[in-house]
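Undergrad: Structure in C-alpha coordinates, see below.
The values are calculated or read from the model by the stated rules, or taken from the named source; none is laboratory data. Model, not experiment: these values are computed from the prediction. When we count neighbours, we look across all protein chains shown, and the Cβ atoms used for this are built from the backbone with ideal geometry, even at glycine. Areas reflect the complete protein model, heavy atoms only, side chains present, ligands, DNA and RNA absent. Shrake-Rupley method; radii C 1.70, N 1.55, O 1.52, S 1.80 Å.
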Amino acid sequence: MQILIVEDDAVLAAQLERFLTDAGHIIDVVSTGRDALRQVADAEYDVVILDLTLPDTDGIELCGRIKQTAESVLPILMLTARTALSDKLAGFAAGTDDYVTKPYQPDEVLVRCLSLARRRDLHQAKQLVIGEMTIDLVTNTVSRQQQVLHLSATDKAILITLAKAHPMPLGRRQLIERVWGNDIHNSDVLKSHIYTIRQQLDKPFDFPMLKTIHGVGFGLQASL
(Lines give C-alpha, C1' and ligand atoms only; values in the text may rest on other atoms or scores of the structure.)
Protein backbone atom coordinates (compact mmCIF):
# COMPACT_ATOMS: atom_id res chain seq x y z
CA MET A 1 0.00 0.00 0.00
CA GLN A 2 0.92 3.63 -0.40
CA ILE A 3 -0.07 5.38 2.84
CA LEU A 4 -0.05 9.01 3.94
CA ILE A 5 0.40 9.63 7.68
CA VAL A 6 -0.84 13.03 8.89
CA GLU A 7 0.52 13.36 12.43
CA ASP A 8 2.16 16.33 14.18
CA ASP A 9 3.68 14.24 16.99
CA ALA A 10 7.10 13.52 15.48
CA VAL A 11 7.83 10.55 17.77
CA LEU A 12 4.51 8.81 17.08
CA ALA A 13 4.78 9.53 13.35
CA ALA A 14 8.32 8.10 13.17
CA GLN A 15 7.34 4.95 15.08
CA LEU A 16 4.34 4.29 12.85
CA GLU A 17 6.28 5.09 9.68
CA ARG A 18 9.05 2.65 10.65
CA PHE A 19 6.57 -0.14 11.48
CA LEU A 20 4.60 0.24 8.23
CA THR A 21 7.75 0.58 6.13
CA ASP A 22 9.19 -2.58 7.68
CA ALA A 23 5.91 -4.29 6.74
CA GLY A 24 6.63 -3.49 3.10
CA HIS A 25 4.51 -0.40 2.49
CA ILE A 26 5.35 3.00 0.98
CA ILE A 27 4.87 5.76 3.53
CA ASP A 28 4.77 9.56 3.36
CA VAL A 29 4.52 11.65 6.52
CA VAL A 30 3.28 15.24 6.94
CA SER A 31 2.47 17.20 10.08
CA THR A 32 -0.03 19.82 8.89
CA GLY A 33 -3.35 19.92 7.11
CA ARG A 34 -1.95 22.16 4.39
CA ASP A 35 0.77 19.66 3.54
CA ALA A 36 -1.74 16.81 3.66
CA LEU A 37 -3.95 18.46 1.03
CA ARG A 38 -0.91 19.06 -1.16
CA GLN A 39 0.19 15.42 -0.90
CA VAL A 40 -3.27 14.07 -1.67
CA ALA A 41 -3.37 16.27 -4.78
CA ASP A 42 0.08 15.18 -5.95
CA ALA A 43 0.09 11.42 -5.21
CA GLU A 44 -2.30 8.47 -5.26
CA TYR A 45 -2.71 6.87 -1.83
CA ASP A 46 -4.48 3.72 -0.75
CA VAL A 47 -5.18 5.02 2.77
CA VAL A 48 -4.72 8.23 4.76
CA ILE A 49 -3.97 7.89 8.48
CA LEU A 50 -5.18 11.16 9.98
CA ASP A 51 -4.58 12.53 13.47
CA LEU A 52 -7.56 14.42 14.82
CA THR A 53 -5.54 17.25 16.38
CA LEU A 54 -3.25 19.21 14.07
CA PRO A 55 -1.50 22.57 14.52
CA ASP A 56 -3.20 24.37 11.62
CA THR A 57 -6.61 22.72 11.35
CA ASP A 58 -9.04 20.33 13.00
CA GLY A 59 -8.75 16.76 11.76
CA ILE A 60 -12.49 16.43 11.23
CA GLU A 61 -12.55 19.51 9.02
CA LEU A 62 -9.51 18.24 7.12
CA CYS A 63 -11.14 14.84 6.64
CA GLY A 64 -14.09 16.50 4.92
CA ARG A 65 -11.83 18.55 2.66
CA ILE A 66 -9.81 15.49 1.63
CA LYS A 67 -12.98 13.58 0.77
CA GLN A 68 -14.26 16.51 -1.30
CA THR A 69 -11.05 17.08 -3.24
CA ALA A 70 -9.75 13.51 -3.76
CA GLU A 71 -10.12 12.36 -7.38
CA SER A 72 -10.88 8.76 -6.37
CA VAL A 73 -12.22 6.86 -3.38
CA LEU A 74 -9.70 7.50 -0.60
CA PRO A 75 -10.21 5.72 2.75
CA ILE A 76 -9.34 7.66 5.89
CA LEU A 77 -8.35 6.05 9.19
CA MET A 78 -8.59 8.59 11.99
CA LEU A 79 -6.30 8.51 15.03
CA THR A 80 -7.67 10.21 18.12
CA ALA A 81 -7.42 10.41 21.88
CA ARG A 82 -11.06 11.56 21.94
CA THR A 83 -13.40 8.75 22.88
CA ALA A 84 -16.70 10.61 23.17
CA LEU A 85 -19.47 9.33 20.91
CA SER A 86 -20.14 12.86 19.68
CA ASP A 87 -16.56 13.14 18.36
CA LYS A 88 -16.83 9.82 16.55
CA LEU A 89 -20.17 10.74 15.01
CA ALA A 90 -18.72 14.06 13.83
CA GLY A 91 -15.83 12.21 12.23
CA PHE A 92 -18.07 9.74 10.42
CA ALA A 93 -20.27 12.61 9.26
CA ALA A 94 -17.16 14.25 7.75
CA GLY A 95 -16.34 11.05 5.86
CA THR A 96 -13.84 9.14 7.99
CA ASP A 97 -13.98 5.39 7.33
CA ASP A 98 -12.63 4.01 10.60
CA TYR A 99 -11.22 5.02 13.99
CA VAL A 100 -8.31 3.95 16.15
CA THR A 101 -8.07 5.50 19.61
CA LYS A 102 -4.78 6.42 21.25
CA PRO A 103 -2.80 4.72 22.63
CA TYR A 104 -2.81 2.14 19.84
CA GLN A 105 -0.77 -0.83 18.70
CA PRO A 106 0.88 -0.34 15.26
CA ASP A 107 -0.23 -3.80 14.11
CA GLU A 108 -3.86 -2.80 14.73
CA VAL A 109 -3.36 0.27 12.53
CA LEU A 110 -1.88 -1.95 9.80
CA VAL A 111 -4.78 -4.43 9.93
CA ARG A 112 -7.33 -1.63 9.68
CA CYS A 113 -5.45 -0.04 6.76
CA LEU A 114 -5.44 -3.37 4.91
CA SER A 115 -9.17 -3.75 5.54
CA LEU A 116 -9.91 -0.24 4.26
CA ALA A 117 -7.78 -0.76 1.14
CA ARG A 118 -9.57 -4.05 0.35
CA ARG A 119 -12.94 -2.41 0.88
CA ARG A 120 -11.97 0.37 -1.50
CA ASP A 121 -10.86 -2.11 -4.16
CA LEU A 122 -14.27 -3.80 -4.02
CA HIS A 123 -15.90 -0.51 -4.99
CA GLN A 124 -13.51 0.37 -7.78
CA ALA A 125 -14.49 -0.01 -11.42
CA LYS A 126 -13.87 -3.47 -12.90
CA GLN A 127 -12.40 -1.94 -16.05
CA LEU A 128 -10.10 0.95 -16.85
CA VAL A 129 -10.83 2.41 -20.28
CA ILE A 130 -8.55 5.01 -21.85
CA GLY A 131 -9.18 5.71 -25.52
CA GLU A 132 -8.65 2.49 -27.47
CA MET A 133 -7.19 0.61 -24.50
CA THR A 134 -9.21 -1.45 -22.01
CA ILE A 135 -7.76 -3.01 -18.88
CA ASP A 136 -10.01 -5.67 -17.37
CA LEU A 137 -9.15 -5.83 -13.67
CA VAL A 138 -11.13 -9.05 -13.19
CA THR A 139 -9.49 -11.15 -15.91
CA ASN A 140 -6.21 -9.18 -15.75
CA THR A 141 -6.14 -8.66 -19.51
CA VAL A 142 -5.16 -5.60 -21.54
CA SER A 143 -6.54 -4.96 -25.02
CA ARG A 144 -6.40 -2.23 -27.65
CA GLN A 145 -9.05 -2.06 -30.36
CA GLN A 146 -10.34 -5.32 -28.84
CA GLN A 147 -7.03 -7.08 -29.56
CA VAL A 148 -5.56 -8.73 -26.46
CA LEU A 149 -1.99 -7.60 -25.77
CA HIS A 150 0.59 -10.17 -24.68
CA LEU A 151 2.22 -8.50 -21.69
CA SER A 152 4.11 -9.74 -18.67
CA ALA A 153 2.67 -9.31 -15.18
CA THR A 154 5.05 -6.41 -14.55
CA ASP A 155 4.14 -4.73 -17.85
CA LYS A 156 0.48 -4.94 -16.84
CA ALA A 157 1.23 -3.51 -13.40
CA ILE A 158 2.97 -0.54 -15.01
CA LEU A 159 0.07 0.07 -17.39
CA ILE A 160 -2.50 -0.20 -14.59
CA THR A 161 -0.51 2.27 -12.51
CA LEU A 162 -0.33 4.74 -15.38
CA ALA A 163 -4.02 4.22 -16.20
CA LYS A 164 -5.08 4.94 -12.61
CA ALA A 165 -3.05 8.16 -12.67
CA HIS A 166 -4.40 9.26 -16.09
CA PRO A 167 -4.64 12.01 -17.27
CA MET A 168 -1.71 12.97 -15.01
CA PRO A 169 1.75 11.61 -15.87
CA LEU A 170 3.98 9.88 -13.35
CA GLY A 171 7.66 10.51 -12.74
CA ARG A 172 10.10 7.63 -13.15
CA ARG A 173 10.71 7.42 -9.41
CA GLN A 174 6.97 7.51 -8.66
CA LEU A 175 6.35 4.71 -11.13
CA ILE A 176 9.17 2.56 -9.76
CA GLU A 177 7.97 2.99 -6.17
CA ARG A 178 4.35 2.15 -7.01
CA VAL A 179 5.20 -0.98 -9.00
CA TRP A 180 8.24 -2.34 -7.15
CA GLY A 181 8.15 -0.46 -3.84
CA ASN A 182 11.65 -0.15 -2.42
CA ASP A 183 12.85 -3.40 -4.00
CA ILE A 184 14.75 -1.86 -6.92
CA HIS A 185 16.69 1.32 -7.48
CA ASN A 186 17.84 0.72 -11.07
CA SER A 187 15.84 2.80 -13.58
CA ASP A 188 17.14 0.55 -16.41
CA VAL A 189 14.64 -2.09 -15.26
CA LEU A 190 11.79 0.35 -15.89
CA LYS A 191 13.32 1.32 -19.24
CA SER A 192 13.27 -2.29 -20.47
CA HIS A 193 9.62 -2.74 -19.48
CA ILE A 194 8.62 0.51 -21.19
CA TYR A 195 10.20 -0.86 -24.37
CA THR A 196 8.30 -4.17 -24.23
CA ILE A 197 5.01 -2.37 -23.46
CA ARG A 198 5.46 -0.16 -26.51
CA GLN A 199 6.06 -3.18 -28.74
CA GLN A 200 2.58 -4.45 -27.83
CA LEU A 201 0.58 -1.31 -27.03
CA ASP A 202 1.86 1.09 -29.69
CA LYS A 203 3.82 -0.50 -32.53
CA PRO A 204 0.93 -2.33 -34.27
CA PHE A 205 -1.43 0.66 -34.09
CA ASP A 206 -1.90 4.09 -35.65
CA PHE A 207 -0.49 6.25 -32.86
CA PRO A 208 1.48 5.77 -29.63
CA MET A 209 -0.49 5.82 -26.38
CA LEU A 210 2.47 5.52 -24.03
CA LYS A 211 4.23 8.87 -24.08
CA THR A 212 7.57 9.96 -22.66
CA ILE A 213 7.14 13.41 -21.16
CA HIS A 214 10.59 14.91 -21.04
CA GLY A 215 11.60 16.18 -17.64
CA VAL A 216 8.57 14.52 -16.04
CA GLY A 217 8.22 10.80 -16.80
CA PHE A 218 5.52 8.79 -18.55
CA GLY A 219 1.84 9.17 -19.26
CA LEU A 220 -0.95 7.73 -21.41
CA GLN A 221 -2.46 9.52 -24.40
CA ALA A 222 -6.05 8.58 -25.20
CA SER A 223 -6.09 9.97 -28.75
CA LEU A 224 -4.10 12.05 -31.22
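Undergrad: Can you pull out every residue in region 37-70 that is open to solvent by less than 10 Å² (accessible area, probe 1.4 Å), aliphatic (A, V, I, L, M) and either outside any helix (DSSP H, G or I) or touching a residue at least 40 places away in the same chain (Cβ under 8 Å) (or both)?
TA: Passing the criteria: Val47, Val48, Ile49, Leu50, Leu52, Leu62.
Undergrad: Sticking with this structure for a sec: Test Asp97 against the stated conditions and say whether it is touching a helix residue (DSSP H, G or I) at 6+ places or on another chain (Cβ under 6 Å), open to solvent by 40 Å² or more (accessible area, probe 1.4 Å) and over 20 Å from Gln221 (Cα atoms).
TA: When the stated conditions are applied, Asp97 passes them.
Undergrad: Considering only residues of region 137-179 that are polar (S, T, N, Q) and part of a loop (DSSP other than H, G, I, E, B), which is surrounded by the fewest Cβ atoms within 10 Å (Cβ to Cβ)?
TA: Result: Gln146.
Undergrad: State yes or no: is Val111 open to solvent by 40 Å² or more (accessible area, probe 1.4 Å), of a type in the set (Val, Ile, Thr), free of Cβ contacts under 8 Å to residues at least 60 places away in the same chain and farther than 23 Å from Ala13 by Cα?
TA: No.
Undergrad: Within region 7-32, track down each residue that is among the charged types (D, E, K, R) and open to solvent by less than 30 Å² (accessible area, probe 1.4 Å).
TA: Glu7
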